[in-house]
Amino acid sequence: MKISSQNIAEAVYRATEGRSSQDLAVTLKRSAQVLKDKHMLGKSGEVLNALQNIFDKKTNTVRIKITTAKSLGLGERNRLENRIKEKYKAQIVVGEFFEKKELLGGMRVEIGDEVLDDTYKNKLHKLEKFLIQGK
Amino acid sequence: MSNHIVESLKREIENFKTQIKIEKIGKVLELFDGIAKVSGLSDIKSSEMVIFQNGVMGVALNLEEDAVGVIILGDFSKIKEGDEVSSTGRILEISVSDNILGRVVNALGAPIDGKGLIRANNPSQNSGRSDSESLQTRTRPTAYPIEKVAPGVITRLSVSEPVATGIKVIDAIIPIGRGQRELIIGDRQTGKTAIAIDTILNQKGQNMICVYVSIGQKDSKLRKIEARLEAGGAMKYTVIVSAGASEAASLSYIAPYTGVSIAEYFMDQRKDVLIIYDDLSKHAVAYREISLLLRRPPGREAYPGDVFYLHSRLLERACKRNEKYGGGSITALPIIETQAGDISAYIPTNVISITDGQIFLETDLFYKGIRPAINIGSSVSRVGSSAQIKAMKKIAGTLKLDLAQFRELEAFSQFGSDLDEATKRQLERGKRAVEVLKQFQYAPMKMEHQVIVLYALVKGFMDDIPVEKIKEFESEFIDYSENNAKVFCKEIIEKKMWSDKGEEQLKKAIEDFKNSFLIEKIAPKALSR
């Protein structure tokens, strides 16, 4: 049977659950060895992502990526994080903030594979489509 | 004028409202020929449309644990790893309107014939929809999903009305009914497409819409077909759906479904539709390519396990619907190309078992000059004579018997030279029957003419005409009968059966014509010997 990155990540999570720091180091070393033996070192990025997702699910953590044309102030960032916390009923919100001038204004919020694009660039793009296609 | 443009644009912009909603976005992980593996898109449905960052569309086919396999419907050379892909929430659909008739469209229903956009129906165009429907809906092209569950048993009616192909051997021996699925199968260059094109040409004035789906064919061949249909005045009631040989396999894969969606649009208007899939072998090959790229497990001949379902769900959409559920019908003529006459290969056997009969074409017959090169012994129509008019039914029974006896005796007669009179007579009748059933390409024959010619044959009027003169006799007699067997022709057209009076007139016409034909064409030759 084909072993997926998700399978490895789940196995690593179970193997590390409740271990002391000494045991943990040994387990992680073994996990890396398994990846090597299964010729899956090239997929280590995917495994780490999958592992991160498992931890996030267990700890009820939501990761958000916010891109704006101008950088947001600390107050705005906190307000945003709190809103997300409320909406997704999350315990922890980990925010990454980016700046992209070509967005012109507004904000793009990414949570997992969900995207809320309220940037001016997107609105102009939609207007362009509307005027061309009449949609 | 410029003010007007500025004002209009201002109004449009003012009316424009963007609704910001949460979208599901994925990222391209891997890209193969026409296939992309996309991460994210967690809530995506099977067969849902997706849009790549550069505007190219795709369809989600493989829903895996951590990724989605998408077939790309367009130019995939500009898509790169990491590109964003957004889901649309809509199953793949095409826009159809009455104005699609006479056009050549691609697998996505977009015109490719250079005649401009396909406009929506005018409010004045009778779309057959209920009056309660708003004007606005009727002026928009209708969106039809490409994948649809076939009509159920309750909605169907048994096949009873004929599709006149204009080809004598088919109309007489292997009749096709409206709502039937009849497979045309044979090796390359045996005249499979010719039968399909002749059938389309013969639908003029028969109240039938035709859809020709070209899958993986050369563009030059398609151009020739279009020109032929145009010249025969058949494009007025025909739509051509094309997924050429140079296009991606994904387009070849969806082209038949696009074709049947167009057919369903017209069927929903209570019309009868004839759809031709040319050919489903190439369709299966395209699906095999996609499946292998999607890493689905290969089965027999490397086709995936669901290749039967691929064709059965397509051909099940052909039906005759009863009046309560809107009426109309879709008749399907799928084409399968065999290799060296092997009808026991995987795809031919699959499609044979799905369809309601097959027209089997043979290379040997083709090169013997028997065209259409139909092997009557291996061909069958499971709907049978219920899809024939009464007059044809009456003649066809005798014809079938004559031909069956001829086939048996022909083989037998090669071993012995002493044959009794009755056997000789049967052999001679059989030879004439084979000759009569030969027909030129692009020369479909009206039903009443077919009945007249076959009547003359089965009643023995042609027994004393030399075999090599049969074709000449046939064509001249048809012209003669136009004026001299009017009653008979009229009865066939109107009542689908002759009366005693009509039959008497026809018999007299045949006798008179035969006498003059024998004197003019046969006697001088006999005397000169």
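Values as computed for the structure displayed
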{"read-out": "Any hit, the stretch A:109-124, residues being under 26 Å from B:ALA67 (Cα atoms) and more than 10 Å from chain B (Cβ to nearest Cβ)", "value": "no"}
{"read-out": "Scan of the stretch B:199-218 for residues that are surrounded by 24 or more Cβ atoms within 10 Å (Cβ to Cβ) and assigned to a helix (DSSP H, G or I), ordered by number", "value": "B:THR199, B:ILE200"}
{"read-out": "Meets criteria (surrounded by fewer than 20 Cβ atoms within 10 Å (Cβ to Cβ) and within 20 Å of the chain's Cα centre (by Cα)) for B:ASN350", "value": "no"}
{"read-out": "Long-range neighbours under 7 Å by Cβ, at least six apart or interchain, first residue under 14 Å from B:ALA396 (Cβ atoms) within the stretch B:364-386, second among the polar types (S, T, N, Q) and loosely packed, with under 14 Cβ neighbours inside 10 Å", "value": "B:SER386/B:SER160"}
{"read-out": "Residue count, the stretch B:366-395 (criterion: of a type outside the set (Ser, Thr, Tyr), in a helix (DSSP H, G or I) and at pLDDT 90 or above)", "value": "8"}
{"read-out": "Test: B:GLU14 is within 13 Å of another protein chain (Cβ to nearest Cβ), exposed (fewer than 14 other Cβ atoms within 10 Å of the Cβ) and of a type outside the set (Gly, Ala, Ser)", "value": "yes"}
{"read-out": "Number of the exception - A:ASN78 against (1) closer than 30 Å to B:ILE5 by Cα; (2) away from chain B (no Cβ under 14 Å)", "value": "(1)"}
{"read-out": "Members of the stretch A:81-135 that are over 12 Å from A:VAL62 (Cβ atoms), among the hydrophobic types (A, V, I, L, M, F, W, C) and within 18 Å of the chain's Cα centre (by Cα)", "value": "A:PHE97, A:PHE98, A:MET107, A:VAL115, A:LEU116"}
{"read-out": "Residue among A:LYS126, A:LYS121, A:LYS101 that is in the same structural domain as A:GLU76 (by the TED database) and more than 22 Å from B:LYS27 (Cα to Cα)", "value": "A:LYS101"}
{"read-out": "Members of the stretch B:291-329 that are among the aliphatic types (A, V, I, L, M) and out of contact with any strand residue (DSSP E or B) (no Cβ under 9 Å at 6 or more places or on another chain)", "value": "B:ALA302, B:VAL307"}
{"read-out": "Index of the failed condition, B:THR363 passing every other in (1) modelled with pLDDT of 90 or more; (2) out of contact with any Gly (no Cβ under 8 Å at 6 or more places or on another chain); (3) over 19 Å from B:ILE173 (Cβ atoms)", "value": "(2)"}
{"read-out": "Where a residue in the stretch B:474-496 is in contact (Cβ under 8 Å) with a residue 40 or more places away in the chain and its partner, wherever it lies, is in a helix (DSSP H, G or I) and of a type in the set (S, T, N, Q), with Cβ under 8 Å and at least six apart", "value": "B:PHE488/B:SER481; B:PHE488/B:GLN505; B:CYS489/B:SER481"}
{"read-out": "Residues of the stretch B:435-489 satisfying the condition of being part of a helix (DSSP H, G or I), among the basic types (Lys, Arg) and closer than 26 Å to B:LEU361 by Cα", "value": "B:LYS469, B:LYS471"}
{"read-out": "Options B:ARG90, B:ARG103; residue that is of a type in the set (D, E, K, R), within 21 Å of B:LEU251 (Cβ to Cβ), touching a strand residue (DSSP E or B) at 6+ places or on another chain (Cβ under 8 Å) and away from chain A (no Cβ under 14 Å)", "value": "B:ARG103"}
{"read-out": "Lone qualifier among B:LYS27, B:LYS17, B:LYS80 - being at pLDDT 90 or above, under 28 Å from A:VAL109 (Cα atoms) and either acidic (Asp, Glu) or part of a loop (DSSP other than H, G, I, E, B) (or both)", "value": "B:LYS80"}
{"read-out": "Pick from the stretch A:1-33, criterion of a type in the set (S, T, N, Q) and within 25 Å of B:ALA67 (Cα to Cα), ranking: farthest from the other protein chains (Cβ to nearest Cβ)", "value": "A:SER31"}
{"read-out": "Selected residue (only one of B:SER97, B:SER39 is hydroxyl-bearing (Ser, Thr, Tyr) and within 12 Å of chain A (Cβ to nearest Cβ))", "value": "B:SER39"}
{"read-out": "Residue match in the stretch B:45-57 (condition: away from every other protein chain (no Cβ under 11 Å), closer than 20 Å to B:ILE91 by Cα and in contact with a helix residue (DSSP H, G or I) (Cβ under 8 Å, 6 or more places away or on another chain))", "value": "no"}
{"read-out": "Those residues of the stretch B:71-82 which are surrounded by 17 or more Cβ atoms within 10 Å (Cβ to Cβ) and either touching a residue at least 60 places away in the same chain (Cβ under 8 Å) or within 14 Å of chain A (Cβ to nearest Cβ) (or both), in sequence order", "value": "B:ILE71, B:ILE72, B:LEU73, B:GLY74, B:PHE76"}
{"read-out": "Check on B:ILE5, among the β-branched types (Val, Ile, Thr), more than 35 Å from the chain's Cα centre (by Cα) and at the interface with chain A (Cβ under 10 Å from one of its Cβ atoms)", "value": "no"}
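The values are calculated or read from the model by the stated rules, or taken from the named source; none is laboratory data. Only a predicted model underlies this, so the values are computations on that prediction, with no experimental measurement involved. Note: ideal-geometry Cβ built from the backbone for every residue, glycine included; neighbour counts use all protein chains shown.
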